[in-house]
Amino acid sequence: MTSGEVWLHACCTLSFEVSVATPMVFMLRPRSSPSQWVAAEEYDLSPSLPVAEFTDGFGNLCQRVVAPVGDFQVHTEVTVRVTVEPIASSTAGFVDVSKLPHDTLGFLLPSRYCESDRFGEMATEIVAGRPPGYAQVVAITDWIRSSICNTPLSSTYPVSAVEINQRGEGVCRDLAHIGIALCRAICIPARMVVGYLLGLKPMDTHAWFEAFIGERWHTFDPTQPGTGGIRIAIARGRDAADVALYNQYGPLLLPNEMSVTVSQLERPESG
């Protein structure tokens, strides 16, 4: 995919039936960055209630509420200008750990769902003969595509890289976990991203991973062909524990309805 700019419009609606007033933290607002500009945004709660917003340790925007008893709905819409970056050169090189930026070092360590310390031998075998850096991450991504089935709805909760390797199938989040673990096992920083992907089937929120090579973060998605795809990033973190669209603190609370739409715009609508 060649470089350029694309306008996307995305909507997400979550509906809950709350039996006990429940503290919740949502992570539904994308931030502007060099690769995406948030031009317009709506964020509606029904019923309306006070919201406290904060930025977590990874720079993600979080909204803190106490969900009231009864029907509770969160609806978000966003219009974003996305910069589509060209596919990275296969010569994008490995960055020695001693020269990595300070803020990437945490993405080399094992985390809850990415047990990179248990994938050293396997990762080394997968990337054997590949030049250090971009080509190694491509080899990892290709291995996941050929070895782990992307099966929507196959897991309803986050599963670790070790479990997914044993299972041989998972959802996008799970495939990202094993990609992250394999990258970290060969000292390439890797992190999880959640957001929206234009044309995803079935449509839903999506997860992929980024690897730090050639002095910047690059996108990799084992569930999609190639390295392209027009995306809006909502949140980034070490693994699914850091980037959940919502967390509840109390009895288990699952949405009784969730809808997501993503469409391309010719131009943003004027307000």
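The residues listed here are Arg191, Arg118, Arg231, Arg184; of these, the one that is in contact (Cβ under 8 Å) with a residue 60 or more places away in the chain, touching a Lys or Arg at 6+ places or on another chain (Cβ under 6 Å) and not aliphatic (A, V, I, L, M) is Arg191.
Of Asp204, Asp221, Asp239, all but one fail to be surrounded by 23 or more Cβ atoms within 10 Å (Cβ to Cβ), more than 21 Å from Ala139 (Cβ to Cβ) and among the acidic types (Asp, Glu); the exception is Asp239.
If you go through the range 234-254 and keep only what is touching an Asp or Glu at 6+ places or on another chain (Cβ under 9 Å) and modelled with pLDDT of 95 or more, you end up with Ala235, Arg236, Gly237, Ala240, Asp242. Condition check: closer than 19 Å to Ile230 by Cα, outside the structural domain of Val138 (by TED's automatic domain parsing) and touching a residue at least 60 places away in the same chain (Cβ under 8 Å). Does Ala67 satisfy that? Against the criterion (closer than 19 Å to Ile230 by Cα, outside the structural domain of Val138 (by TED's automatic domain parsing) and touching a residue at least 60 places away in the same chain (Cβ under 8 Å)), Ala67 does not qualify. Remark: pairs (first residue in the range 144-156, surrounded by 13 or more Cβ atoms within 10 Å (Cβ to Cβ); second residue among the hydroxyl-bearing types (Ser, Thr, Tyr); Cβ separation under 6 Å; 6+ apart in sequence or on different chains) = Asn150/Thr223.
Taking strands (runs of 3 or more DSSP E) as the structural unit, those lying wholly within the range 25-80 and holding at least 1 residues that are exposed (fewer than 12 other Cβ atoms within 10 Å of the Cβ) correspond to 36-46, 52-55. For Trp7, the criteria (1) in contact with an Asp or Glu (Cβ under 9 Å, 6 or more places away or on another chain); (2) within 21 Å of His75 (Cβ to Cβ); (3) without any contact (Cβ under 8 Å) to a residue 12 or more places away in the chain hold in every case but one, which is (3).
Looking at this structure, is Val20 touching a Gly at 6+ places or on another chain (Cβ under 7 Å) and either part of a strand (DSSP E or B) or loosely packed, with under 15 Cβ neighbours inside 10 Å (or both)?
yes
Tell me the residue from Ser160, Ser116 that is buried (at least 16 other Cβ atoms within 10 Å of the Cβ) and out of contact with any His (no Cβ under 8 Å at 6 or more places or on another chain), please. Criteria check complete, one pass: Ser116. When the criteria are applied in full, Thr104 fails the requirement of being part of a strand (DSSP E or B) and either in contact with a His (Cβ under 8 Å, 6 or more places away or on another chain) or touching a residue at least 40 places away in the same chain (Cβ under 8 Å) (or both).
The values are calculated or read from the model by the stated rules, or taken from the named source; none is laboratory data. Keep in mind that this is a model prediction, so the values were computed, not measured. Every residue, glycine as well, gets a Cβ built from its backbone with ideal geometry; the counts of neighbours run over all protein chains shown.
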